[in-house]
Amino acid sequence: MTMVPITLTHFLLISAALFALGVYAVMTRRNAIMVLMGIELILNSANINFLAFSRFGGLNIEGQMMAIFVIILAAAEAAVALAIVLNIYKRFTTVNVDDISLLKD
Amino acid sequence: MADLILNNLSLILPETVLTVTVMLVVLAHLFDRRDDTVVHYLSLLGLLGAMYALTGKMGENLSAFNGMLAVDPFSLFFKLVILLSTVVVVLMSRHSAEVRAERGLQGEYYFLLLSMALGMMFMVGASNLLMMYLALEMTSLTSYVAAGFTRKAKDSAEASLKYLLYGAFSSGVMLYGISILYGLTGTLHLAGINQALMQGSVNGLGLAVSSLLIMVGFGYKISAVPFHYWTPDVYEGAPVTVTAFLSVASKAAGFAMMMRAFAVMFTDTAAQLPAGAWAFVQGIPLQHVLVVLAVATMTLGNLVALWQDNVKRMLAYSSIAQAGYMLLGVLVLGHDGAAAVMVYFAVYLFMNLGAFLVVMLVANTIGSEHVDDYKGLGKKAPLLSVAMAVFLVSLTGLPPTAGFIGKWMIFLSLINAKMVGVAVIGVINSVVSLYYYVRVIRNMFLREQEKPTGTVFRLPAAQVILLLSLLIPTLYFGLFFNELVEFAQYSVTMFGVR
């Protein structure tokens with residue numbers, strides 16, 4: 001069996017698929033937590049891009065630096081997001097985004 | 001190394017002062033949770049200190065931290081707008097019933113406001129995509145929490161959730177665009193990206209996709225249609241002080257970041273253009289996108305505002321429409337248009353914050369933001385009503401108010417760039433907007449209250465002074481605008497742009 005070498009293209013395909021799945025989750029899921037997980041997928045698909053370009057593109061270390069910052073920010077964002085969702089659950093006793101619509105035209 | 005860091009820190013002295021203030025506010029809050037006087041004056045002092053430090057940076061055109069941040073007249077102008085609006089909002093908050101109801105949380109409130117301002121100041125200076133993303137997220141994370149600050153109200157919680165979901169999604173999409181652009185050009189520095197693009201070996205499709213994805217992030221921050229869905233809900237649900245802050249400072253920071261990205265990163269430097277024009281590099285489809293966004297933003301903002309009965313929500317749609325007018329200035333793609341946008345922001349600062357201040361003071365007394373409850377206000381609170389009328393006339397863009405100068409500059413720059421068609425759409429939009437602004441004025445002065453109530457307006461002296469200091473510039477800049485226009489034209493200078 002011949003081994004297929006893993007190249008930049010493979011990583012880019014994975015990240016594109018992950019990005020598409022993330023967008024799909026954000027668009028279709030009604031549970032706020034699930035939407036947030038979709039957003040995590042999007043952030044991580046960008047991370048894969050940064051790392052793959054940095055490693056295979058013969059580029060500088062900037063990509064890996066960016067990925068580290070994104071990971072940290074994603075953690076900070078998750079902390080804030082979960083606090084907000086908890087607050088929502090206390091007020092509305094649901095986290096379904098369709099049921100949280102006091103404000104409308 | 002230590003010398004280098006100290007040297008760079010002195011370049012961002014205003015931000016450093018603000019950072020220290022943020023920390024002091026947290027500490028002061030820990031010592032005494034009940035007392036909100038200390039944190040209030042501490043914030044004010046820090047902001048004034050940052051402003052003083054900013055004046056020392058006048059005329060500098062440098063780059064700090066290895067090209068991460070630019071310290072140039074362009075960022076200085078926007079930092080001034082941001083700091084001024086923060087000062088106004090801090091002063092407003094002193095007498096906001098919504099904010100004061102959260103007893104024991106005042107320290108956190110001022111901490112959030114100042115952190116937002118700090119993030120915005122980094123946004124306007126960011127000249128590296130990593131810095132841009134970090135600053136954007138710093139502003140966003142704190143704004144999500146600030147929007148949900150009044151914990152008792154359900155709609156405040158809803159506002160923060162909606163802001164969070166839309167904000168996190170669009171900044172994620174923007175990040176994906178940045179990652180593609182990094183792969184195409186091999187760097188995150190705006191100037192470096194421009195060099196790589198000018199060498200012309202960049203994949204056209206990849207460039208088009210990444211520039212569109214990055215535009216999503218900008219569009220969200222400036223609440224351009226179709227990325228505006230969060231705006232009305234967040235503006236209505238959030239405490240009115242936070243709404244006022246978001247509608248001015250956050251938008252200013254978004255516009256500044258976008259204009260810098262266009263001017264430094266995407267400009268075709270090889271093309272034989274007149275000095276001060278920033279046409280896009282071949283293969284970036286944003287010129288047409290911008291036209292569509294600008295026209296859609298102002299038209300939708302104005303049309304939907306016609307149906308709003310809540311004054312705060314009406315002002316939210318009005319601020320979407322205002323962003324549309326400002327986008328007109330951006331799509332001129334040049335120093336002319338940028339100067340027009342900056343003049344617009346300078347006057348928008350006074351008129352929009354003024355309108356929100358009146359909404360807050362009225363809501364403090366009558367507990368309502370409904371347009372019908374403004375009936376008969378002209379007799380009960382003449383000062384408030386006259387001030388509101390001036391702010392709304394100015395938002396419409398009628399002379400002799402400052403709003404007229406802002407609009408006039410924008411339309412003039414469009415006509416100079418031979419985009420008369422778009423300018424005409426802008427003028428028609430201004431006429432439409434007259435209807436809903438005048439509706440409030442009519443209710444205040446020409447309609448009687450249906451069920452007369454004995455409410456008496458008692459305005460704190462500090463708020464009257466604040467109101468007057470927003471009202472006077474709104475009238476003053478309408479008549480004596482030369483210095484403002486000259487300052488804006490001087491301030492379009494960006495680091496690394498000829």
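The values are calculated or read from the model by the stated rules, or taken from the named source; none is laboratory data. Predicted, not measured: the structure shown is a model, and the values here were computed from it. When we count neighbours, we look across all protein chains shown, and the Cβ atoms used for this are built from the backbone with ideal geometry, even at glycine.
Can you pull out the residues in the stretch B:376-388 that are at pLDDT 90 or above and either more than 21 Å from B:Pro460 (Cα to Cα) or surrounded by fewer than 19 Cβ atoms within 10 Å (Cβ to Cβ) (or both)? Within the stretch B:376-388, B:Pro382, B:Leu383, B:Val386 meet the criteria.
In the stretch B:288-307, which residue that is surrounded by fewer than 24 Cβ atoms within 10 Å (Cβ to Cβ) and within 14 Å of B:Thr231 (Cα to Cα) is farthest from the chain's Cα centre (by Cα)? Going through the qualifying residues, I end up with B:Val304. From the list A:Phe69, A:Phe53, the lone residue that is out of contact with any His (no Cβ under 6 Å at 6 or more places or on another chain), more than 28 Å from B:Glu158 (Cβ to Cβ), at the interface with another protein chain (Cβ under 7 Å from one of its Cβ atoms) and touching a residue at least 24 places away in the same chain (Cβ under 8 Å) is A:Phe53. Counting only residues that are in a helix (DSSP H, G or I), out of contact with any helix residue (DSSP H, G or I) (no Cβ under 6 Å at 6 or more places or on another chain) and modelled with pLDDT under 95, the stretch B:1-26 holds 9 of them. For B:His95, the conditions (1) free of Cβ contacts under 8 Å to residues at least 40 places away in the same chain; (2) assigned to a loop (DSSP other than H, G, I, E, B) are fulfilled apart from (1). Listed by first and then second residue, the pairs with beta-carbon distance under 6 Å, at least 6 apart or on different chains, first residue in the stretch B:473-488 and in contact (Cβ under 8 Å) with a residue 60 or more places away in the chain and buried (at least 20 other Cβ atoms within 10 Å of the Cβ), second assigned to a loop (DSSP other than H, G, I, E, B) and not charged (D, E, K, R), are B:Thr474/B:Thr401; B:Gly478/B:Pro400; B:Gly478/B:Thr401.
Annotation: of all residues in the stretch A:6-15 being more than 9 Å from chain B (Cβ to nearest Cβ) and part of a helix (DSSP H, G or I), the one that is nearest to A:Ile100 (Cα to Cα) is A:Ile14. Being over 24 Å from B:Val291 (Cβ atoms), of a type in the set (Phe, Trp, Tyr), within 13 Å of chain A (Cβ to nearest Cβ) and free of Cβ contacts under 8 Å to residues at least 24 places away in the same chain, is that true of even one residue in the stretch B:174-193? No, because not a single residue in the stretch B:174-193 is over 24 Å from B:Val291 (Cβ atoms), of a type in the set (Phe, Trp, Tyr), within 13 Å of chain A (Cβ to nearest Cβ) and free of Cβ contacts under 8 Å to residues at least 24 places away in the same chain. Annotation note: of A:Met3, A:Met34, the sole residue that is on the phi < 0 side of the Ramachandran plot and either buried (at least 20 other Cβ atoms within 10 Å of the Cβ) or part of a helix (DSSP H, G or I) (or both) is A:Met34.
Which one is nearest to B:Ile214 (Cα to Cα), of the residues in the stretch A:24-47 that are β-branched (Val, Ile, Thr) and at the interface with chain B (Cβ under 8 Å from one of its Cβ atoms)? Steps first, please.
So in the stretch A:24-47, the residues β-branched (Val, Ile, Thr) come out as A:26, A:28, A:33, A:35, A:39, A:42.
Subsequent filtering for residues that are at the interface with chain B (Cβ under 8 Å from one of its Cβ atoms) retains A:26, A:35, A:39, A:42.
Details: A:Val26: 18, A:Val35: 21, A:Ile39: 16, A:Ile42: 14 Å.
Out of the qualifying residues, it is A:Ile42.
In the stretch B:337-353 there is no residue that is of a type in the set (A, V, I, L, M) and either without any contact (Cβ under 8 Å) to a residue 24 or more places away in the chain or within 14 Å of chain A (Cβ to nearest Cβ) (or both).
When you check B:Val497 against the structure, is it more than 27 Å from B:Met92 (Cα to Cα), within 28 Å of the chain's Cα centre (by Cα) and either crowded, with 18+ Cβ neighbours inside 10 Å or of a type in the set (A, V, I, L, M) (or both), yes or no? Yes: the conditions hold for B:Val497.
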